[in-house]
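Data block below; observations after.
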Amino acid sequence: MPCVCLNRHCKTSIALYMPTEILNAVQPSVQTVSTRSAWRTMLVLATLLLVIYAWFPTRNHYWDGIGFALNIEGLGEDRQGVVRNQGDFKGISSIYFNPNHLFYNLIGHLIYKPLHTVFPKLRAHDMLRGISSLLSVGTACLLFLALFRWCKDSRLSLFLTLLMALSATWWKFSTDANAYVPSAFLLMLATFQLTNPTRRPSGWQVGLLHALSMLLHQVSIFFLPAAVVGLWIHSCNQGRQEKKRAVLWYLLAAGIPVAAAYAWVWFGLLGEGLSSERFIAWLTSNGGDTFAFKSIGANALESLRSLLRVFFGGRIKLALAFVEFPILVALGCVMFSSLLWLLWSLRQHVGAVNLSQSSREPLPPAMKFLAVWAGVFTVFLFVWLTEYSYYRLFYLPAVIFLIGVGVVRLGGQATTILGAIVVFMATFNFTAYIYPYAQDAATPPVRLAKDAAAFWTGDVVVLYKDFTCDNWIMRYFNPDTVWIQADLSNQETFNAYLQSAKVRNQQVWVDTTLLGHLKYKPEIHDWLLDYGKISKPFGLVSKKHHIQFVQVVAHNASSD
């Protein structure tokens, strides 16, 4: 039932968020037209974003996403995933349960398996990218509706939503396989409840949404203080007992599923015992090398740079190298025009608004919730994961809301200024980041992996020592190859691999990690030459990449 608050706890709420039922009764025509217009705007926005995301998917793949896809596709096909759990069992237990994103692979597998049955050519990475795009658009729609519910200004709400949806980091990850966008979508779903002043938010529903978000990525745990504050200050929760009850339901609904999931994986699948030290080490296993506190000043500067990279990304060098000249000129004209628009709006704004008057605009009732949400994540990222801008996606909607509060309080031409900034940001990101990386040539490892498909035909075995991220990409785009971990110091075992390949008429390739072994152990190199000849290296050597493969051809065999 709608909660219509008419007491001292929610006078501000009524002023800013007049419930739809009351507003329709007072001004039915104005409210109906405004609401319908907002819904039409949201549908146009959703369509626009879907087209943009689908038309320009990134080829600069997030390496973790390739790992997710390899692990998901390796199940049930007798193929090696990136990492498997102890025992190497079939089925669910062969999923890699990374404690940072515990159930992402599991949920991906449960979605992929039936879809792959219907669409045999579907790849897991494409599926995960599609999910990211759809949930990104869903997040944008929820944000737009929440903003409009607050400010009743569809123009401002649209600009603010595009500020998020077309920001560099959000845009890129919206077209790639990752856990960040799905996790942020669930937080936005919870936020949509917590910022609705006309309905009492359900503590257990908010808790379940947060639990699932944490199971997709554990960093979303830092939403917990904000959720507690949001439930506590909500105008429909009156009295300490009602507030305590809502918070308790939330804590139970958020805590029990997460605790049960980690216990199931730790005790049931990994077979570990009651060792708090080992459990904590596992729980934080991927975070030990990301503690980056140097000094308050240095980390403050790095935090600012990281936040700016959320909104602006790419390099002019990329644009010059990969954007066709006519398109580059057109996009440059748009950016120049947006700057002129921005300067004109600033000139109109300065002196035309009474700051003392605009600062009296009431803050939204959920201001404390938004401040805690953004503040807690900011503090965490101040000392951990500071340089990684994609971790700031977990609180980006809160930042957008707070920017909106500032725009409303500034008044005057502030909304127009925001629009000019959004146009410039989106055009710059598209020119220097999104469009170049929508091409294979801008990401050399991806281009190399696709080039390898031209001669890695037939029955190909690739021997490696360490399964690096570059190997993940090479293997993903060549799914019919067989990758075997080998150790050249064990000549007996390695010789068995070679003899088996010889009998089966398989091509044998050796990767970079084994080539290094050959370089530092001449005796093994000489022994290998007794078996056959080694082809010229194929690969990529640059400042950023060192990826090489050679084919080992037996003396009495011929290369295809």
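If we keep just the residues of the range 225-263 that are among the aromatic types (F, W, Y) and over 26 Å from the mean Cα position of the chain (by Cα), which is nearest to G375 (Cα to Cα)?
W232
Can you tell me which condition G412 does not meet? The list is (1) surrounded by fewer than 21 Cβ atoms within 10 Å (Cβ to Cβ); (2) over 30 Å from G332 (Cβ atoms); (3) modelled with pLDDT under 95, and all the others hold.
Unmet condition: (2).
Which of the numbered conditions does C236 fail, given that it passes all the others? Conditions: (1) of a type outside the set (V, I, T); (2) touching a residue at least 60 places away in the same chain (Cβ under 8 Å); (3) assigned to a helix (DSSP H, G or I).
(3)
What residue, of L115, L187, L163, L156, is touching a Leu at 6+ places or on another chain (Cβ under 9 Å), open to solvent by 40 Å² or more (accessible area, probe 1.4 Å), part of a helix (DSSP H, G or I) and more than 21 Å from W472 (Cα to Cα)?
It is L115.
Out of L320, L339, I need the residue that is open to solvent by 80 Å² or more (accessible area, probe 1.4 Å), among the hydrophobic types (A, V, I, L, M, F, W, C) and out of contact with any Ser or Thr (no Cβ under 8 Å at 6 or more places or on another chain). Which one?
From the options L320, L339, the qualifying one is L320.
Does any residue in the range 117-138 that is under 19 Å from A438 (Cβ atoms) and without any contact (Cβ under 8 Å) to a residue 12 or more places away in the chain come within less than 7 Å, Cβ to Cβ, of a residue that is part of a helix (DSSP H, G or I) and open to solvent by 50 Å² or more (accessible area, probe 1.4 Å) six or more places away or on a different chain, and which pairs are these?
Once the first residue is under 19 Å from A438 (Cβ atoms) and without any contact (Cβ under 8 Å) to a residue 12 or more places away in the chain and sits in the range 117-138, no partner that is part of a helix (DSSP H, G or I) and open to solvent by 50 Å² or more (accessible area, probe 1.4 Å) comes close enough.
Six or more apart or on different chains, Cβ under 8 Å: which pairs go from a residue in the range 322-334 that's at negative phi to one that's open to solvent by less than 60 Å² (accessible area, probe 1.4 Å) and outside any helix (DSSP H, G or I)? Could you list them?
Every condition considered, the pairs that remain are F322/Q439; L331/V323.
Considering only the range 193-209, I want to know if a residue exists there that is free of Cβ contacts under 8 Å to residues at least 60 places away in the same chain, in a helix (DSSP H, G or I) and under 17 Å from the mean Cα position of the chain (by Cα).
Checked the range 193-209: no residue is free of Cβ contacts under 8 Å to residues at least 60 places away in the same chain, in a helix (DSSP H, G or I) and under 17 Å from the mean Cα position of the chain (by Cα).
Go through the range 308-317 and count every residue that is without any contact (Cβ under 8 Å) to a residue 60 or more places away in the chain and open to solvent by less than 70 Å² (accessible area, probe 1.4 Å).
0
Look at K121 and say whether it is open to solvent by 40 Å² or more (accessible area, probe 1.4 Å), part of a helix (DSSP H, G or I) and modelled with pLDDT under 95.
Here the answer is no, as K121 does not meet what is asked.
Provide a single number: the residues in the range 258-271 that are of a type in the set (G, A, S), in a helix (DSSP H, G or I) and surrounded by fewer than 17 Cβ atoms within 10 Å (Cβ to Cβ).
Summing the residues that are of a type in the set (G, A, S), in a helix (DSSP H, G or I) and surrounded by fewer than 17 Cβ atoms within 10 Å (Cβ to Cβ) in the range 258-271 gives 4.
Identify the residue in the range 220-252 that is in contact with a Ser or Thr (Cβ under 8 Å, 6 or more places away or on another chain) and within 19 Å of T378 (Cβ to Cβ) and, among all such residues, is surrounded by the fewest Cβ atoms within 10 Å (Cβ to Cβ).
S220
Is it true that R305 is at pLDDT 95 or above and either touching a Leu at 6+ places or on another chain (Cβ under 6 Å) or open to solvent by 40 Å² or more (accessible area, probe 1.4 Å) (or both)?
yes
Looking at the structure I just gave you, is L418 modelled with pLDDT of 95 or more and open to solvent by less than 40 Å² (accessible area, probe 1.4 Å)?
yes
Would you confirm, using the coordinates I've provided, whether G255 is modelled with pLDDT of 95 or more, of a type outside the set (S, T, Y) and crowded, with 18+ Cβ neighbours inside 10 Å?
So G255 does not fit the description; no.
Yes or no, residue by residue, for (1) surrounded by fewer than 21 Cβ atoms within 10 Å (Cβ to Cβ); (2) farther than 30 Å from S337 by Cα; (3) of a type in the set (F, W, Y); (4) at pLDDT below 95:
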residue	(1), (2), (3), (4)
P365	no, yes, no, yes
P397	no, no, no, no
A432	no, no, no, no
Y435	no, no, yes, no
A454	yes, yes, no, yes
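In contact with a helix residue (DSSP H, G or I) (Cβ under 7 Å, 6 or more places away or on another chain) and farther than 30 Å from S34 by Cβ: is that true of A226 in this structure?
No; evaluated as a whole, the condition is false for this residue.
Any residue in the range 399-419 that's over 19 Å from A146 (Cβ atoms) and in contact (Cβ under 8 Å) with a residue 12 or more places away in the chain: show its pairings with residues that are of a type in the set (S, T, N, Q) and open to solvent by less than 10 Å² (accessible area, probe 1.4 Å) at Cβ separation under 6 Å, as long as the two are six or more apart or on different chains.
As it stands, the answer is Q413/S345; T416/S345; I417/S345, since those pairs meet every condition given.
Quick grid of which residues meet (1) more than 19 Å from F394 (Cβ to Cβ); (2) among the small types (G, A, S); (3) touching a Phe, Trp or Tyr at 6+ places or on another chain (Cβ under 6 Å):
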position: K113; (1), (2), (3): yes, no, no
position: L142; (1), (2), (3): no, no, yes
position: L147; (1), (2), (3): no, no, no
position: L166; (1), (2), (3): no, no, no
position: P182; (1), (2), (3): no, no, no
position: F185; (1), (2), (3): no, no, no
position: T191; (1), (2), (3): no, no, no
position: N196; (1), (2), (3): yes, no, no
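Take L528 and tell me if it is under 27 Å from G67 (Cβ atoms), of a type outside the set (K, R), open to solvent by less than 30 Å² (accessible area, probe 1.4 Å) and at pLDDT below 90.
no
Conditions tested, residue by residue: (1) under 20 Å from the mean Cα position of the chain (by Cα); (2) acidic (D, E).
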| site | (1), (2) |
| --- | --- |
| E387 | yes, yes |
| Y390 | yes, no |
| P397 | yes, no |
| G412 | no, no |
| T431 | no, no |
| Y437 | yes, no |
| P444 | no, no |
| L448 | no, no |
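The values are calculated or read from the model by the stated rules, or taken from the named source; none is laboratory data. Keep in mind it's a predicted model, so treat the numbers as computed, not measured. Cβ atoms come from the backbone with ideal geometry, glycine included; neighbour counts cover every protein chain shown. For the accessible areas, the whole protein counts, side chains as well, though only heavy atoms, and no ligand, DNA or RNA atoms are used. Shrake-Rupley method; radii C 1.70, N 1.55, O 1.52, S 1.80 Å.
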